[in-house]
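The values are calculated or read from the model by the stated rules, or taken from the named source; none is laboratory data. Given the structure is predicted, the values throughout are model-derived calculations rather than measurements. Cβ placement follows ideal geometry from the backbone for every residue including glycine, while neighbour counts extend to all protein chains displayed.
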Amino acid sequence: MPTIAEWLASLGLSEYAQRFAENHVDAGVLPDLTDQDLRELGVPLGHRRKMLRAIAQLNAAALEPAEAATERVLRDEAERRHLTVMFCDLVGSTALSARLDPEEMWRVIAAYHACIGEVIGRYQGMIARYMGDGVLAYFGYPRAQEDDAEQAVRAALTLVDAVAHLQTDADAVLQARIGIATGTVIVSELLIDETPAEQAVIGDTPNLAARLQTLAEPGTVLICPSTRRLTGELFDYRDLGTLALKGWAEPAQVWQVLRTSGVESRFEAMHKTKLPPLFGREEEIELLLRRWRYATQGEGRVVVLMGEPGIGKSHIALALGERLQGEPHITLRYFCSAHHTNSALFPFISQLEHAAGFERSDSPAEKLSKLDALVAQSTIDLERIAVLANLLALPISDHFRLQELTPQKRKEKTFAALLAQLDGLAARQPVFMIFEDIRWIDPTSLELLTAIVGARAAASGTAARHCEARIHVALAELPAHDDDPAHTPWPTRGRGIGREGDERQETTEGGHGRDSRSHRWRASVH
C-alpha cells in the first residue's frame, strides 16, 4: 500500500499531506476514514468525495476471497436505528421534461442533484437514493447525533431556498417540496456495503416522509409529530391539523416548518415551558453578579463555566441574564456549533444576522438596510460597514477594494470592524456577552475572542476608562476536565484582571465550595 503522501499525490491532493501527518493519519488508518473525519481535518466537500472514492477502491482491492465470504455473512445482518428521513421532490419536473430537450433536462437534473448533495452534506446528512427528480436522505446514519432532526429541518429550509435560486439553462423557476419523518427503522447492511447509493431501510418512517412530501405545497417543508417534538421551538411552525395519509389507518398530525424561530438559545428552544428557578446556586449567581459589578465600573471580567453536560451551565447563564433585566446594559449572545467548527466566525456571523433581524425572505438589499441600521448604533465608519457586509456575503459596491486585499488583510479588517462595533456598544452601556458551547468554537472565532479579552485586559489596566473594560464575558458549556488548561481558551489559574491584588480563582461544587479536584461545576474567573 502506498504511503499517505504518495496516495494524496496520486489524487492530485498533495496539499493535505502535512495536515494528515500532523493528525497522525497513516496508511493503517486510511481505510477507516469517514466523511466526518475528513471534515474535521478541514477537507472541503469536493476533495472529501474524491478521497472517499479512492479509499473505497483501496478497500475493495485489499479484500481477499476468504474475507469477502466472511463479510457477506455480516452484511446479511440488519440493525435497529433511530433515523430522521427526508424525501425531496422537484415540482413540475414532468411538464418541464416535456418541453425541454433531453440533454437540457439532464443538465437541470444534474444541477438539482448537485445542489441537494452539497446542502445535505453541509448538514451532516447522507444521500440514500436518487430517484429521478426525487431524493431520499438520512440524518443519523451511519453516525447518530443528538440534533439529527434539527439538522434535517435546517437542511430542508436551505434546500427549498437553494433550489428556487438555482441557475440553469432552462427558462423556468425550480421549486422543491420536502417531507421529513423521524422514527425507528431497520437498516440492511447488505445493500449498504454492496451498493452505497441505495441503502435499504425498512419501516414506516421512509414511507411517512414520502407521503408528507406528496402533501407539501411547492417550496414548503412538512414534518411529522416526532420530528416536531425533537426540534422544540427552534423553528416557527404552522399546525395543519390531522391529515389523511394514503396507507395509514388513522389521520396524522402534520406541521409545516415556516422558518427558524427567534429563540436564540438551543437550550431555551428545547424547554417549551418557563424554566423553574434555580435552587442551591446562590453562591454561583452571586459570584457572577460581583463580576458584573466590576465590569460596569470599568473593570471587565471573563468567567468560564465548566461542568458535566446537564448540570445546569446554560440555566445559570440564563438566570444571570434575568437578574440583569432591570439594569441598563446590552446583551450579546453567541452560539457555537459542533457542525461549524471549521466555519470561520460562525458565532459572530450568526449573532450579527440575528441582531439585524434577517429573515429568509429578505432580499440582499433589505438585509443590507437592516445591517446599516444595526451598526448605526455603534457609529462605525463606512469602510467597516462594508467589511461587515462582505463578511455576511451581501453584495456591495467595492469602493474600498476589499477583494483586492490578501486573506490576512481582510481578516485583520474584519476583526477591526467587529471590535469597533463592540467598542461602540460598550461606550453606550455595559455589555454582557454570553458564549455557549465554546468547546466547538472555530479557530478564527477563538482568535477574535482572545483579541476581545486582550483588549479588555489592556483597558482594565489603564487609568482611563476605556469602553472595552465594561465588558463581561460568560463562556458557558465547557465540559469539566479536572483543571486541564488545554480544555479552556485561556489559563484557568493566575492573576485575575480587575482590582489590585485580586488573585484568586473561585471554585465550587454544587454551590458548596468543595475541593476543586472532585468538582462537578466550576467557575473560572479572569
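Here are some residues: ALA486, ALA458. Which one is assigned to a helix (DSSP H, G or I), at pLDDT below 90, within 18 Å of GLY298 (Cα to Cα) and not β-branched (Val, Ile, Thr)? Walk me through it before giving the result.
Numbers: ALA486 fails: within 18 Å of GLY298 (Cα to Cα).
Every option except ALA458 fails the conditions.
Pairs only if they're at least six apart or on different chains, beta carbon under 6 angstrom, first in segment 402-422 and among the charged types (D, E, K, R), second modelled with pLDDT of 90 or more and in a helix (DSSP H, G or I); list them, first residue then second.
Close Cβ pairs satisfying both conditions: LYS413/VAL387.
Would you mention how many residues in segment 215-237 are in contact with a Lys or Arg (Cβ under 8 Å, 6 or more places away or on another chain) and among the polar types (S, T, N, Q)?
1
Take segment 86-122 and flag every residue that is without any contact (Cβ under 8 Å) to a residue 24 or more places away in the chain, charged (D, E, K, R) and closer than 25 Å to GLY46 by Cβ.
If the condition is that a residue be without any contact (Cβ under 8 Å) to a residue 24 or more places away in the chain, charged (D, E, K, R) and closer than 25 Å to GLY46 by Cβ, then GLU103 is the only one that fits.
Tell me whether segment 287-303 contains one or more residues that are within 30 Å of ALA144 (Cβ to Cβ) and in contact with a helix residue (DSSP H, G or I) (Cβ under 7 Å, 6 or more places away or on another chain). Show your work before the answer.
So in segment 287-303, the residues within 30 Å of ALA144 (Cβ to Cβ) come out as none.
For segment 287-303, residues within 30 Å of ALA144 (Cβ to Cβ) and in contact with a helix residue (DSSP H, G or I) (Cβ under 7 Å, 6 or more places away or on another chain): absent.
Select, from HIS354, HIS340, the only residue that is touching a helix residue (DSSP H, G or I) at 6+ places or on another chain (Cβ under 8 Å) and in contact (Cβ under 8 Å) with a residue 12 or more places away in the chain.
When all the criteria are applied, what remains is HIS340.
Scan the strands (runs of 3 or more DSSP E) fully inside segment 200-298 and keep the ones with 3 or more residues being at pLDDT 85 or above.
On the way: elements: 200-202, 221-223, 235-243, 252-260.
Fully inside segment 200-298 and qualifying: 221-223, 235-243, 252-260.
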